Structures are given as structure tokens and as C-alpha cells.
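Working notes, beginning with the structure itself.
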Amino acid sequence: MIEFKYPQYNENVYKEQLKNGLTVVIEPKKGFQKTYASLTVKYGSIDNTFISYDDEKKEMPAGIAHFLEHKMFDKDGYDAMDIFSKYGASSNAFTSFNRTSYLFSCTNYIKENLNTLLDFVQEPYFNDKKVDKEKGIIAQEIKMYNNDPNASLYFNTIQNMYPDSHLNVDIAGTVKSIKKITSDDLYTAHKTFYQPSNMQLNIVGNVNPEKVLKIVMENQKKHNFLPAQKIKRIQPLSKRINYFNQRKMDVFGTKVAVGIKGDSELGKDIKYELSISLLLEILFSEDSDNYAYLYNNGIIDDSFGFDFDCNKNFNFAIIAGDTEYPNDFIMNIKKILINAISNLDNYIDELELIKREEIGQHILIMNSIEATANNLGDSDNNFVNLFDEVNLINNITIDNLKEYGSKFILDENIISNVIFPYSDK
Amino acid sequence: MQKYISNGFSLNTIHEDKFKTITITCDLIEPLNINDFAKRALLAELFETNNADYPTQTKLARQLSKMYGASFGTNLLRYGNLSIIRINLSIPNPKFIPGNHALLLRDAINFLNSILMRPLVSNNAFDNDTFNLQKSNMQKYISSITDDKQYYSSVKLKEYYYQNDNRGKFLFGDVSQYDKINSSDEYQYYKSVIKQDNLRISVLGDFDDETLMSYINQINISNRDKIYKIDYYKHAESEVKCITEDTNATQSNLNMAYNFPVYYDSDDFFAALLFNAIFGGSSQSKLFKNVREKYSLAYYANSMFNSLNGVMMINSGIDASNAKKVQSIINEQLKAIQNKNINVDILKSVKAEMISSKKAILDNPRQSLEQEFANSLLNRKLSFEQWCENIDSVSIDEIAKVAQKVDLQTVFLLKGDNK
């Protein structure tokens, strides 16, 4: 096990890669009641097209990664959740564009719960009858998301930034696409992606690192895995972009989003990620004069927010809110973005302030077992974790912001998206 | 430590060094008064926006950044018959930030004092620009709650269930209420809040009590005339009312309310907690296992038990065409529990999960403070061990018996289903 020490926070992080390829990251938290573990597979909604374990090109129905996540719990005669529950643990799972995570949190029976987690995710059991039954549940889940105008706006904006890639469909797929999923599809996806070498187990909480690692190693000996294979994903590089999109929903007021599509080559660089995050804070946080101007003129309100999502293969920012003046919203946000880099020299003090703010937010994350576990890094970013990030943030300069910002903010990469209320309102 | 600084103003401190922050909560407590709903909601917003020391939103936000990303916000909450403005503030423990910031806690308490005691006022009225903008934002917010169908349908269910009681009225008031208030009305209301509301400040983290006290003592809060307490709500039983409202949406929301006269200090309170968990309050529940897993009719179908108001509410997202079917499944599951049809192993699991989540509260500073707050409001002094014992000792018979007490009163269907 490799030990990473962070004496300024009294924290240590341990990392080990097992013989079968599984990466284990452990962070003991003294004084906490809870232990939280997440087993994450590098497989998400954008991994729809791939060369399968038996060397065939597969194009799967949209939403299969999420469908698989649901079906993993359902075993022969029981549900994995029942076992967790027996040991007082609560369990859950979620699927994103490029990851599927299974997790539990417990205050007792760590060994039993870890075994349950590894067993249920690594041992598939599907049949067509059970697969068909799940379709009704997931259809309702999809309808629930579609009913949420803010989520709709967010995902629709992403789809317009990446119309020619697998990011162009909702993570859960559509009511229509999930109807096509069969148990054979699930087995194929599981065999291809759920290899230990494509997984990472994070354990944070009241644990002894050596002891829990031993539990994991013992458990892995019981499973038979196919030899590790390189995963071949077929992900078209997005070249197109839809600059403007509008539609109507049952909403009271107009909702607007401005999207910025980043260069997919840059997402691997942690300094790029942190610089762009700080830049957006300088431009749009409540600390900024821009925010004050837009707020006091009624162009934005408390619903205003922004978000930068940075991954190995794609990165984008979304700036969104409710507004009575959609045109002014879009024009002003674009203007602020386009002028951002040339104005940066005036923002040296602001950068220091925003860095303080970010460092404080990172310290806040350290309080939470779950949030810590979700910020321990992985092989996509060389395992840079939240403790490392604080040091990196400290060292970021206005020049970094200029350099990365000018690569990020390009007129031809900015889009807008509007949801209008039905006119009879 | 629990300390009364003046009558109706208390300070509660919890020392815990496992967290890297110091978490502060300030609660302003008064009985629900429908006439003041809009004023109170606006006051919470104004607290969050600016004050005499930080007269613009930007200055206030920058002060928070200066305090190393202190997080700050206000909430409006309802506890039975009480309305609470909650001010949340947290700062990193100075130990964990570079440089010497020993006075960060002082700065945070001073900041709290600015919010509470130094509003941005001129000529006996709140600053007009600030007031008007926040008023119009609140009106927009209230009009837009229909955007969130899940939330909106739960608001409507409460409105129909509680009929004329203030507990059922939307806590942020209605749009027309706002039309009638101006910045001087709002300032008069603020003065009455500062004079009469009961106040409770809670601090959790690693700090020194005496030093904290020296900061808190600067907040000038006089003795209160009245101490406000929780009142029971007794529901007037009636025939079941079914209300359907049409909306343009991809899904329908089915919400149901049962009168369930069990309260936090009733003998069968723990049986009621378990009944709720078994019925629809956990992933082992009858509703999850049936409405979702067996019949595939919903992604979620949950029940919630409110022991301040003696009510149980169910919410679920479904296709409108299945509304009757879902209702009859819910009813069947309730009957099953009343007939003692409860699996012993599931009961054991549910108990284990409840005990585990109770323990886990101590890992979250905000939840710990919330638990302390509720206990003090309800005058409840149960130790964790006693709580676990009480949960453990509940039998199937007791659950079946308490389940007899529920009585369906209101069904609200927000009918969507555009395909």
C-alpha cells in the first residue's frame, strides 16, 4: 500500500492496486461513526458503442449503463439491498456520463458489507423476465427527470453542445430505447466493462487500512475473473454544435442556459480544471461586480448558478437561471465571457479572494465522509485528491487563468438554450 | 453546554474535534401567524442580502470569501405550530488554514451580529431598492413553485389536509400578500421579531466556550416576554376528500394524507416510527417492494410520518391511468400490516438500519445541531442507548396495533400524462 500523508489536515490516504487490477483507495477517519464505500466502474451512458469481450462491435440501446446499475441489485430470490439492510447499511447507486458507482454506508459489520458490495457488483444474474419488469420502473424514473425543467434544461444544453456524440441522450436513455434492452445485452456489457481492472473501490471512515484491505483481498480470491482485457470504446469526437435551441414547457417563467464546450484534449490537466473553475468564480460568483450588475437589473435572480464539469474526454461549463429577459441574459453572459481574458489583470485581488473561498470549500468537504470518498481521484487524473487540490489551488496565478481561459472561452464554442412557458399562461 | 443568556435567548455549544469546521446556527422562533407569512419570508431573504455593515450583496459575499469561504444562508422552516428563521453559518477551523486566523470565530459572530442587529435601514424603513427587488423575487419564486411538480403536489396536499389551520398554508405566503407590504411595514415587523422571537444560537466544533461567550455577549438581545412551545395538532376527522388537478407534464403525482394521531411523546411513538419504515419509509418497505418492485408502477412511493402534527403522508410519481391501481395496492399493504403480516427478518433489518442512521447523525454537524434543536424544542432527553432500546423492543403486534390508527383523509392527484 502506498501512503500519502497530509499532516496539515491530520489525514492519510492509502492506495493499492490488487493483482486482479482492482484499485483500492482508503482514507481512515478518526472519531467518525460511519464507514462509506463506493465501488466505481468506468462505464457510463457515453460508452454505448464498444468492442465486446468476444471481439464484436456492439451498439447498445441508450441508457443501458443505468439499466445495468438497476439490475445488478436484483439477484436470484433476493435483492442486494436486503443484505445491506440486514447489516444496518443503506445502499445506493448512480450512473453518470462515464461512471457507474455502487455504494453503502454503515456503522457496523464493515466486513459483511464490503463483501456484499463486491459480490453483488461482480457476480451478474439477469433474466429476461426481470429485465422486462424493470422497464416500467425506469420509464417512471425517466418521466420524473423529464418533468423537472431545471434538469431538462441542463441536459438539453449538453445535448446541444455535443449533438454528434453519445452525450446527446439522457443518462437513463428514453422510454423507447430502454424497451430494446435484453438480458443478453446486460451480460455483454457486464463482461466487457465490469473487469476489476476497470474498477476502483474507495473506503472512507472508521477503518484500519491494513484490515480492510485484507478483507478486500480475501474477497477477490473467491471470485473467478476472465483475464483482463483492454476496453475498446468507440466514442466519436464531437465536431458539431447547435448554437441556439428553444422549446416550451409547463413553467412559470423563462429559463436560460449558456453552455461553453471545452477542448476535449485539455480535460486531463488538473490545472486546467482548477483554473477554469476559479475563472468562472471570478466572473460569475456573488463576489463579482458582474453578478451585482445582472442581479440589480433584474436580469438574474437567486436561481442563477454555474457549473464546470471536467472529465478526461469532455469538459463544459453551464451558466443558467430564470429570467424575464432571456435576450439580455444571453447577451450579457456572452459579453462577460468574451471580454474576460483581456480584463483579467484587474482581477488579481479577486483571484486571491476566490482562492480563499475555494480552499474553505475544500476544508468543508473534508467534514463529510461521502464527499471525501467522491473526491479521492482516480487513474484519469493521476489520483489527485481533494487534499492535493488545496495545494494546487494555492499556486494558481492570473497567468494560468489567462492561458487556460483563452483556450476555453472561444466564441465558436458558446451556445444558448431557452425554455419558454406555454404562451397561454 | 446549554446556557440562557437572557429569557428566551439560549446558547447551545457542542464540542467535537473530528470536524474541520465550526458550524453555527441561529434560530428565530415564533408561532405561525398567517398574516405575517410574506413579511417573515421576506425578512429571511433580507437577512441574506445585505446589512448596514455590508450594504451590498457584493460586499457581503466578499466578506464571506475573506472568512475562508464561510458558508452562509437563511432558511424558513416550520415545526408544527412554530415558524423558524434559521441562519446557517460555518467557517473552517483556523487550525486548518494557512496563516494566523485566530480571530475567525470572532469575525463570524460579528458577522452574525450584523445580520441580526444591523439591517440596512433609512427613515424607519428597509432600504427601498433592496426591499423592492427581494419582494419581486419572492413573488416570482412563489409563482414558479408549480415548475416542480413533486414539491407543488406536496404543498397542495397539505393545504387540503389541514384545511384552515396555518400548518397547511404555504409557508412563504401568497403573491397578493406581498402586494400589500412596503419597506416600512417590513421594518416594523423586523423590530417585533428582534423584540419577541425566541432565539437560539448553537455552535458545534472545536473552540473555547469562554472565548465564544465573550463574542456572543456582544449580541444585544433583551429578555423575551413569552417562551414559545410546540402545540399538538388535532385533526377534525371527515370523509375522504379526493382532489384532482390537471397539469401539462410527463408524469402524475399521487399524494395521500392520513390522520395518524401519534405524537413524539406518545407511548406508541416508537411503534409508529417502525410502522412508517415498514409501510413506506425505507427500501425494505411494503410500498417499495410492491408499488415499485413487484408491480413496476413507480420509481418512488414513500411514506413520511410527522410526529408534531400526527399525520402520515405518501407521495409517488406514476402514470395517471394507474392511479386507482396504485391506491388499491397502497391500501392492501396497509391492511397487511394491520393484520400483522410483517416479515420478522425485514423488521430486524429495518431496526438495524434505523439505529445505524441515528448513529450516523453524529458524523454530520448540521444534522447533529438539528437533532439537538428538535430535542430542546420538544423537551426530549432520550440517550442514544435508550432510543435504540425503544426501537429494538417494538413488536409486530405493537406495529399492527398502531397501524390501526391511520385514517385516510385526503387524496391529491396532480394529473399529468402528456405522452
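The values are calculated or read from the model by the stated rules, or taken from the named source; none is laboratory data. Fair warning: this is a prediction, and the values are worked out from it, not measured in the lab. Please note: Cβ atoms are built from the backbone with ideal geometry, for glycine as well, and neighbour counts cover all protein chains shown. Protein only, heavy atoms only, side chains kept; ligands, DNA and RNA dropped before computing areas. Shrake-Rupley method; radii C 1.70, N 1.55, O 1.52, S 1.80 Å.
Here are the numbers for this structure:
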read-out	value
Helices (runs of 4 or more DSSP H) wholly inside the range B:314-379 that include at least 3 residues being aliphatic (A, V, I, L, M) and modelled with pLDDT of 95 or more	B:323-338, B:344-360
Verdict on B:N343 being closer than 30 Å to A:I137 by Cβ and away from chain A (no Cβ under 14 Å)	no
Failed criterion for A:E352 (all others in (1) within 28 Å of the chain's Cα centre (by Cα); (2) buried (at least 21 other Cβ atoms within 10 Å of the Cβ); (3) of a type in the set (D, E) hold)	(2)
Residue check, B:P55 touching a Phe, Trp or Tyr at 6+ places or on another chain (Cβ under 9 Å), open to solvent by 40 Å² or more (accessible area, probe 1.4 Å) and modelled with pLDDT of 95 or more	no
Residues satisfying the stated conditions in the range A:138-155, i.e. open to solvent by 30 Å² or more (accessible area, probe 1.4 Å) and more than 21 Å from B:A301 (Cα to Cα)	A:N150, A:Y154, A:F155
Residue in the range A:47-65 that is farthest from A:D185 (Cα to Cα), counting only those that are open to solvent by less than 10 Å² (accessible area, probe 1.4 Å) and not in a strand (DSSP E or B)	A:D47
Unique residue being without any contact (Cβ under 8 Å) to a residue 60 or more places away in the chain, away from every other protein chain (no Cβ under 14 Å) and touching an Asp or Glu at 6+ places or on another chain (Cβ under 9 Å) when the list is B:S307, B:S283, B:S328	B:S307
Residue within the range A:103-121 that is buried (at least 18 other Cβ atoms within 10 Å of the Cβ), within 25 Å of A:D47 (Cβ to Cβ), within 23 Å of the chain's Cα centre (by Cα) and among the aromatic types (F, W, Y) present	yes
Filter result for the condition that a residue is part of a loop (DSSP other than H, G, I, E, B) and of a type in the set (A, V, I, L, M, F, W, C), over B:V262, B:V203	B:V262
When residues of the range A:359-373 are limited to those that are within 11 Å of A:G205 (Cα to Cα) and assigned to a helix (DSSP H, G or I), the one nearest to the other protein chains (Cβ to nearest Cβ)	A:I369
Top-ranked residue in the range B:363-384 [being in contact with a Phe, Trp or Tyr (Cβ under 8 Å, 6 or more places away or on another chain) and open to solvent by 30 Å² or more (accessible area, probe 1.4 Å); ranked as farthest from the other protein chains (Cβ to nearest Cβ)]	B:L377
Every pair of residues 6+ apart whose Cβ atoms lie under 6 Å, when the first sits in the range A:310-330 and is farther than 30 Å from A:D378 by Cα while the second is open to solvent by 40 Å² or more (accessible area, probe 1.4 Å)	A:G321/A:S303; A:D322/A:S303
Conditions (1) under 30 Å from A:Q235 (Cβ atoms); (2) open to solvent by less than 20 Å² (accessible area, probe 1.4 Å); (3) within 14 Å of chain B (Cβ to nearest Cβ); (4) in contact with a strand residue (DSSP E or B) (Cβ under 6 Å, 6 or more places away or on another chain): number failed by A:L278	(4)
In the range B:121-147, residue farthest from the other protein chains (Cβ to nearest Cβ) [restricted to those that are open to solvent by 30 Å² or more (accessible area, probe 1.4 Å) and not in a helix (DSSP H, G or I)]	B:N124
Every residue from the range B:287-304 that is under 19 Å from B:I337 (Cβ atoms), open to solvent by 20 Å² or more (accessible area, probe 1.4 Å) and either more than 14 Å from chain A (Cβ to nearest Cβ) or touching a strand residue (DSSP E or B) at 6+ places or on another chain (Cβ under 8 Å) (or both)	B:F288, B:R292, B:E293, B:N302, B:M304
Pair list, Cβ under 6 Å, 6 or more apart: the range B:61-74 residue at the interface with chain A (Cβ under 7 Å from one of its Cβ atoms) and within 13 Å of B:T23 (Cβ to Cβ), other residue assigned to a strand (DSSP E or B) and not hydroxyl-bearing (S, T, Y)	B:A70/B:I91
Residue in the range A:75-85 that is farthest from B:I278 (Cα to Cα), counting only those that are surrounded by 20 or more Cβ atoms within 10 Å (Cβ to Cβ) and not polar (S, T, N, Q)	A:A80
Selection within the range A:392-422 - over 23 Å from A:G360 (Cβ atoms), of a type in the set (S, T, N, Q) and surrounded by fewer than 21 Cβ atoms within 10 Å (Cβ to Cβ)	A:S406, A:N413
Considering residues of the range A:374-391 that are within 14 Å of chain B (Cβ to nearest Cβ) and in contact (Cβ under 8 Å) with a residue 60 or more places away in the chain only, the residue least open to solvent (accessible area, probe 1.4 Å)	A:F387
Filter result for B:A271 (surrounded by 19 or more Cβ atoms within 10 Å (Cβ to Cβ) and in contact (Cβ under 8 Å) with a residue 60 or more places away in the chain)	yes
From the options B:Y215, B:Y187, B:Y228, residue that is away from chain A (no Cβ under 14 Å), in a loop (DSSP other than H, G, I, E, B), touching a residue at least 12 places away in the same chain (Cβ under 8 Å) and open to solvent by less than 70 Å² (accessible area, probe 1.4 Å)	B:Y228
Scan of the range B:148-173 for residues that are in a helix (DSSP H, G or I), open to solvent by less than 60 Å² (accessible area, probe 1.4 Å) and not hydrophobic (A, V, I, L, M, F, W, C), ordered by number	B:K149, B:Y152, B:S153, B:S154, B:K156, B:Y161, B:Y162, B:N166, B:R167, B:G168
Qualifying positions in the range A:217-263 - part of a loop (DSSP other than H, G, I, E, B), within 14 Å of chain B (Cβ to nearest Cβ) and of a type outside the set (D, E, K, R)	A:V251, A:F252, A:G253
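The rows are residues; the columns are (1) modelled with pLDDT under 95; (2) within 12 Å of chain B (Cβ to nearest Cβ).
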site	(1), (2)
A:D54	yes, no
A:P61	no, no
A:F67	no, no
A:H70	no, yes
A:I83	no, yes
A:T107	no, yes
A:E112	no, yes
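Here is a yes/no grid of residues against (1) among the hydrophobic types (A, V, I, L, M, F, W, C); (2) away from chain B (no Cβ under 12 Å); (3) more than 21 Å from A:D250 (Cα to Cα):
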| residue | (1), (2), (3) |
| --- | --- |
| A:M144 | yes, no, no |
| A:D148 | no, no, no |
| A:N156 | no, yes, no |
| A:Y162 | no, yes, yes |
| A:H166 | no, yes, yes |
| A:V169 | yes, yes, yes |
| A:I178 | yes, yes, yes |
| A:S183 | no, yes, yes |
